[in-house]
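Written out below as structure tokens is the structure these notes cover.
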Amino acid sequence: MTPAILDPMLSIGDLVLDITIVPQRRPQPDDDTPAAITLGGGGQSANFCAWAASLGDHATLVTRVGDDDAGRRAIAELESQSVRVFAVVGSDPTGAIAILVGRDGDRTMLTQRGASVGLRPDDLRPEWFDGVRLLHVPAYSLFHEPLASAATAAIARVRGGGGRLAVDLSSVAGLLEYGPARMRSLLRAMSPDLLFATVAEAETLGGVDGLAPISVTKLGPGGCLVGGRRVNAPAIEMVDPTGAGDAFAAAFCSSILRGGSPVQAAESAVTVAASAVARVGARPPDRARAMG
């Protein structure tokens, strides 16, 4: 039986190629190191949509890619996971991220954002946002123009239709470059309904209290904090944490849209995130589920 499509969610931001490298031992300069190397779609917005779709939600990605094989492959892969993709095609290359996974699950990411940051407000079509109940905006989509202006326009469209806004702070380095005080001011102006942050991101911002009705601090293997309560994560062997935060956010938003409390949403989110870290890659397994 095909699962019912519930609670339309949309994310605006990056769709990139992930190159994930898991060395069998610590790399040494000027020498070969055996490793498992995988290629697949990535990008915080795209990953969020893939996880949302895997949970039975109707997920849409608005993005920009290059006119190249990497962009076409990334779109096809995401569509195969039941995500609707509205992709503007630009002349610059599709972005790519090289992810080096350490023996303890720590990651080093080398990023080329590529075409995604070139999305412009006039690229957006009003019908893309019809019926959207929640808009997910990674802070990556707010750091650079013209993508930041496109994200702001998308927020206005969704809010105008009665939808909610979820913001994920995304990156300590990005926050520092953008300016923590500037980001706090922007968040106050946007008034998100949900705000996601890691401990390091929250500390960089000077705290997240008062910036959204529901603020969630992700603690990695320790679970999360929401509403002054800690929700523990299941114990699981970590293989690759890439995409776990996106899985967490998708499951949390899905639960909230279904009427769950913040604590219930957190309990669902830590469970889904735990399943994400148990495998290599940023996306859920492709269940080859047709869109309904």
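The values are calculated or read from the model by the stated rules, or taken from the named source; none is laboratory data. This one's a predicted model, so the numbers in the text were calculated from it and none came from an experiment. Here the Cβ is made from the backbone with ideal geometry for all residues, glycine too, and neighbour counts use every protein chain on show.
Just a few scattered comments:
- Among the residues of this structure, Gly210 counts as one that is in a loop (DSSP other than H, G, I, E, B), over 17 Å from Leu10 (Cβ atoms) and without any contact (Cβ under 8 Å) to a residue 60 or more places away in the chain.
- Among the conditions (1) of a type in the set (S, T, N, Q); (2) surrounded by 17 or more Cβ atoms within 10 Å (Cβ to Cβ); (3) part of a strand (DSSP E or B), Gln112 misses just one, which is (2).
- Inspection of the stretch 157-165 finds no residue satisfying the criterion of being within 27 Å of Ala70 (Cβ to Cβ) and touching a Pro at 6+ places or on another chain (Cβ under 9 Å).
The rows are residues; the columns are (1) touching a residue at least 12 places away in the same chain (Cβ under 8 Å); (2) outside any loop (DSSP other than H, G, I, E, B).
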residue	(1), (2)
Ile97	yes, yes
Glu127	no, yes
Gly131	yes, no
Ser141	yes, yes
Ser149	yes, yes
Ala153	yes, yes
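- When Gly210 is tested against (1) surrounded by fewer than 20 Cβ atoms within 10 Å (Cβ to Cβ); (2) closer than 30 Å to Thr38 by Cβ; (3) over 17 Å from the mean Cα position of the chain (by Cα), exactly one condition is not met: (2).
- Scanning the stretch 31-68 for residues that are in contact with a Pro (Cβ under 6 Å, 6 or more places away or on another chain) and assigned to a strand (DSSP E or B) yields Ala35, His58, Gly66.
- Out of Ser255, Ser215, Ser185, one residue alone is in contact with an Asp or Glu (Cβ under 7 Å, 6 or more places away or on another chain) and either polar (S, T, N, Q) or outside any strand (DSSP E or B) (or both). It is Ser215.
- Residues that are farther than 17 Å from Gly243 by Cβ and within 16 Å of the chain's Cα centre (by Cα), drawn from the stretch 81-90: Arg84, Val85
- Any hit, the stretch 265-278, residues being over 15 Å from Phe48 (Cβ atoms), over 14 Å from the mean Cα position of the chain (by Cα) and without any contact (Cβ under 8 Å) to a residue 12 or more places away in the chain: no
- Condition met for Pro93 (more than 18 Å from the chain's Cα centre (by Cα) and surrounded by fewer than 16 Cβ atoms within 10 Å (Cβ to Cβ)): no
- Filter pass, Arg113 being more than 19 Å from Asn47 (Cβ to Cβ) and charged (D, E, K, R): no
- Residue in the stretch 69-85 that is surrounded by 24 or more Cβ atoms within 10 Å (Cβ to Cβ), assigned to a strand (DSSP E or B) and either of a type outside the set (Ser, Thr, Tyr) or out of contact with any Pro (no Cβ under 8 Å at 6 or more places or on another chain) (or both) present: yes
- Candidates Val280, Val263, Val239 - the one that is modelled with pLDDT of 95 or more, more than 18 Å from Ala200 (Cα to Cα) and surrounded by fewer than 22 Cβ atoms within 10 Å (Cβ to Cβ): Val263
- Residue check: Ala76 meets all listed conditions (1) of a type outside the set (Lys, Arg); (2) in contact (Cβ under 8 Å) with a residue 24 or more places away in the chain; (3) at negative phi but one, namely (2).
- Which numbered condition Val117 fails, given (1) surrounded by fewer than 15 Cβ atoms within 10 Å (Cβ to Cβ); (2) of a type in the set (Val, Ile, Thr); (3) assigned to a helix (DSSP H, G or I): (1)
- When Ala151 is tested against (1) at pLDDT 95 or above; (2) surrounded by fewer than 19 Cβ atoms within 10 Å (Cβ to Cβ), exactly one condition is not met: (2).
- The one condition in (1) within 30 Å of Glu237 (Cβ to Cβ); (2) of a type in the set (A, V, I, L, M, F, W, C); (3) touching a Lys or Arg at 6+ places or on another chain (Cβ under 6 Å) that Val88 fails to fulfil: (1)
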